[in-house]
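The next block holds one structure in the form of structure tokens; read it before the comments.
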């Protein structure tokens, strides 16, 4: 089955997992810890695994480390779920990462925003085209920060061979609805805002039920409970989890830049998961923030 068909078939049954990358206390890649951590992620039966992406600190990995991380993910999933690997920087570097991901056996690539330069829509489309021309991997484009596709750009993206979908990190539902209506019916869309559960209900209302879950990286029990409540239209349960866990978590996340990853990794360590610290330029939470995080985790786990 093609990657797009696999994703379409599975994403109604579970969240998209974006696993953390395990490092030692000295900041070196820890392959065996990552393997053990990934097994815990897979035990929660996610719809797909998006490895070495933003939550996985793609930006701090060397090409060799990246290839090792993707290879471990492919080995551990054993084709039970699709493995989508992060790709990024300029198109030339993105092709190099794509080549390593292909060699490691990945099923597709998530094309992260390019480095530094703000560009017009036609340039953004050409960036995706250049990457697609250099790989056989099916690609999902990711719009966030200074990457924004308009409706015409999405029409053009959908015509590029190998481009199967768009992940949205802006949360502008009016703009996103326009993109969805402009795209072919089989073009995939994903909710990719930070702590996506906060907007999952609104995305679902405009026909985009699939979302990435950073919470799944440290508390798959909570992530699965929320997904089930949303799928079953249990609005009181959705509100309960949002009010008592997700909203306080987002308030803590918003205290410092980079906490969309740092706080997630700290929560995983609090739960005893073998992920290690973040790499610079990210920083770990303060002792007071860790105390708040422990209390919040206890509350969330009690709810489920």
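The values are calculated or read from the model by the stated rules, or taken from the named source; none is laboratory data. Keep in mind it's a predicted model, so treat the numbers as computed, not measured. Methodologically, a virtual Cβ is constructed for each residue, glycine included, from the backbone with ideal geometry; neighbour enumeration extends over all protein chains shown.
Do you know which residues across region 157-179 are assigned to a helix (DSSP H, G or I) and crowded, with 20+ Cβ neighbours inside 10 Å? Can you show your working first?
Narrowing region 157-179 to residues assigned to a helix (DSSP H, G or I): 157-159, 173-179.
Result: 157, 176, 179.
Table: residues versus (1) under 17 Å from residue 60 (Cβ atoms); (2) under 16 Å from the mean Cα position of the chain (by Cα); (3) modelled with pLDDT under 95.
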| site | (1), (2), (3) |
| --- | --- |
| 84 | no, yes, no |
| 100 | yes, no, no |
| 103 | no, no, no |
| 134 | no, no, no |
| 143 | no, yes, no |
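Could you list, in sequence order, the residues of region 11-45 that are touching a strand residue (DSSP E or B) at 6+ places or on another chain (Cβ under 6 Å) and either over 18 Å from residue 69 (Cα atoms) or surrounded by fewer than 19 Cβ atoms within 10 Å (Cβ to Cβ) (or both)?
Across region 11-45, the qualifying residue is only 15.
This table checks each residue for (1) within 20 Å of the chain's Cα centre (by Cα); (2) crowded, with 21+ Cβ neighbours inside 10 Å; (3) closer than 22 Å to residue 172 by Cα.
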| residue | (1), (2), (3) |
| --- | --- |
| 90 | yes, no, no |
| 109 | yes, yes, no |
| 114 | yes, yes, yes |
| 122 | no, no, yes |
| 137 | yes, yes, no |
| 140 | yes, yes, yes |
| 146 | yes, no, yes |
| 149 | yes, yes, yes |
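Do the conditions hold for residue 80, that is, is it out of contact with any strand residue (DSSP E or B) (no Cβ under 6 Å at 6 or more places or on another chain), over 22 Å from residue 275 (Cα atoms) and not in a loop (DSSP other than H, G, I, E, B)?
No: the conditions fail for residue 80.
Test residue 272 against the criterion of being out of contact with any helix residue (DSSP H, G or I) (no Cβ under 8 Å at 6 or more places or on another chain), in a loop (DSSP other than H, G, I, E, B) and on the phi > 0 side of the Ramachandran plot, and give yes or no.
Values: out of contact with any helix residue (DSSP H, G or I) (no Cβ under 8 Å at 6 or more places or on another chain): yes; in a loop (DSSP other than H, G, I, E, B): yes; on the phi > 0 side of the Ramachandran plot: yes.
When the stated conditions are applied, residue 272 passes them.
Going through 100, 95, 129 one at a time, which residue ends up being part of a helix (DSSP H, G or I) and either free of Cβ contacts under 8 Å to residues at least 12 places away in the same chain or out of contact with any helix residue (DSSP H, G or I) (no Cβ under 7 Å at 6 or more places or on another chain) (or both)?
It is 129.
Select the helices (runs of 4 or more DSSP H) contained entirely in region 182-244, then report the ones holding at least 3 residues which are within 14 Å of residue 47 (Cβ to Cβ) and touching a residue at least 12 places away in the same chain (Cβ under 8 Å).
Counting at least 3 such residues, we get 220-231.
Name the residues in region 78-88 that are crowded, with 21+ Cβ neighbours inside 10 Å and either closer than 21 Å to residue 42 by Cα or without any contact (Cβ under 8 Å) to a residue 12 or more places away in the chain (or both), would you?
81, 82, 83, 84, 85, 86, listed by residue number.
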